[in-house]
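Below: one structure, written as structure tokens.
The values are calculated or read from the model by the stated rules, or taken from the named source; none is laboratory data. This structure is a prediction, so every number in the text was calculated from the model and none was measured. Note that we place each Cβ from the backbone using ideal geometry, even for glycine, and neighbour counts take in every protein chain shown. When the accessible area is computed, the model is the full protein with side chains, heavy atoms only, and any ligands, DNA or RNA have been set aside. Shrake-Rupley method; radii C 1.70, N 1.55, O 1.52, S 1.80 Å.
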Amino acid sequence: MKKQVTLFTEYTKGVWDQNPVFKQVLGMCPALAVTVSAMNGIAMALATTFVLTFSSLIISLIRKVIPTQVRIASFILIIATFVTIVDLVMRAQFPALSKELGPYIPLIVVNCLILGRQEAFSSKNTPGRAVLDSLGMGTGFLIALGSLGGIREILGSRTFLGLQVMPNAFDPWLVMILPAGAFLSLGLMMGFLNHMNLRRKDREERELVARHLQEPKMSLEHGEEVKSWS
Amino acid sequence: MKIILSMLATLSVIGIVSGGGLAMVSSWADPLIAANKKAATEQAIFQVQTAAKDYKKMESVEYELYKVFDESGNAVGYALPWEGNGFQGKIRIMIGLSADAATITAIEILEQVETPGLGTKIAEDPFRGQFEGLPADPQVDWVKGAPPTRENEVQTITGATISSKAIVAIVNDGISQLRSDLASGEDMAQGGAQ
């Protein structure tokens, strides 16, 4: 079966419709554990995107050579290689950030988002589509981790990206930097997004019904308008 | 048989290519990582020994120990990285000590994973500053809920008593180890000062 998906949709689907965190609920370990600040969330998402994109590219290039029996082992080998590269580069160039993210960088190897995309997409699609898909998923992951980290940082330590944004009179909600805060904010964000989605669908349906019901009247009005212009 | 061979070949090739690539990245990154680590240690030494201009690693002990010197080359004391158990995990601190190991010049928290907002206050000045110039003879003691009455006491943090006591315990442990080594080997102190 040939896919009828445009390249643009290949990218955007990961950003919103199939957002890894909010819709697929993948990669929960880093999403909950490192998002104590916006910077941590963004760095984690960028590292994950790098690993995801390059492993997708390589795996999609050699997808026809890998025997199905050892595909998972091959995927893990390739992913682990890129994760180690990220870990080494971060420790060499960004020691402070690397200390903060600590053991969560090596844990990208077993991030189910990455392995999931290889198994579900890259091993079945052309390199171009695989890279677009990865970049889209990465952007979605970045949006999710950045906003989650931002919310927790603002409420939990009064700052955003290290700059103070809340007045001193505001008492920081300590719970937001603790693990419980991650569950609370993620749950509320998911609930809110699902609620908005349901409302949008509901409205679209109503509009569709209304259009069908008012079809004759509407076309008449349309005709009148055209007349009055001329 | 054919499929087994192709499985072996695929995994071997991927493994060799990955290994080769990583070796290249690693040979570039290793010196930088070592330099970062050294810079972090150096910064911590100068933070606990404000008079220090130079330092030297002591090779005569099994643990890390730095002897620090002022600008004219006189030994002003020691900087001792030491670790122990905190509330949630390991705490690593740098202890600055006077030359006779009787007074703490300052301490600096190097690594900790304490509760944010409570245990992490051990790294902040209201608590950490209590150790500046603190006599540690025979050891450091802690008091809870009241300002210290004796010279060698520090007050624990409200809501983080375990973390505070952990710091005191690590400091005492490190100092007693250093003192016993200093007492047993007078030549060690000489050797470091050359």
Practice problem: Can you give me the three principal axis dimensions of the protein assembly as shown from its C-alpha atoms, in Å, biggest first? | Solution: 101, 67, 40
Quiz prompt | Pairwise label distance in nanometres, A:Glu100 with B:Ala40, each label 7 Å out on the Cα-Cβ vector | solution = 1.4
Quiz item: Measuring from label point to label point, each 7 Å out along Cα→Cβ, what is the A:Thr126 to B:Met1 span in nm?
Solution: 3.9
Practice problem: Round to the nearest 0.05 the FRET efficiency obtained for B:Val113 and A:Leu161 when R0 = 30 Å and r is the Cβ-Cβ distance. | Solution: 0.85
Self-check item: Phi to ³J(HN,Hα) by Karplus 6.51 cos²θ - 1.76 cosθ + 1.60 over segment A:22-36, Hz, x for Gly, Pro
Solution: 7, 9, 8, 6, 10, x, 5, 4, x, 4, 8, 7, 9, 7, 6
Self-check item: Antiparallel %, DSSP beta bridges [both residues in the protein assembly as shown], to 5
Solution: 90
Quiz prompt | Distance violations [Cα-Cα > 22 Å] among B:Lys37/B:Lys90; B:Lys90/B:Lys165; B:Lys90/B:Lys121; A:Lys99/B:Lys67 | solution = A:Lys99/B:Lys67
Quiz prompt | Accessible surface ranking that places the most exposed of B:Asp54, A:Asp171 first, with a 1.4 angstrom probe | solution = A:Asp171, B:Asp54
Quiz prompt | Estimated FRET transfer efficiency (A:Asp202, A:Thr68; beta-carbon r; R0 51 Å; 0.05) | solution = 0.70
Quiz item: According to a simple spin-label model (label point 7 Å from Cα along Cα-to-Cβ), what is the distance in nm between A:Phe192 and B:Asn85?
Solution: 4.2
Quiz prompt | Charge tally in the Cβ shell below 12 Å around B:Ile175, where Lys, Arg are +1 and Asp, Glu are -1, B:Ile175 excluded | solution = -3
Quiz item: Per-residue ellipticity at 222 nm for chain B, helices alone: DSSP H runs ≥ 4 residues times -39500 (n - 2.57), over residue total, nearest 500 deg cm²/dmol?
Solution: -15000 deg cm²/dmol
Self-check item: Calculated Rg and Dmax of chain B using C-alpha coordinates, Å
Solution: 22.4, 82
Quiz item: Using the alpha-carbon centroid of each, what span in Å lies between segment A:134-162 and segment B:14-89?
Solution: 33
Practice problem: Measure nothing fancy, just the Cα-based angle from helix B:2-48's long axis to the longest principal axis of chain B, in degrees from 0 to 90, nearest 10. | Solution: 20
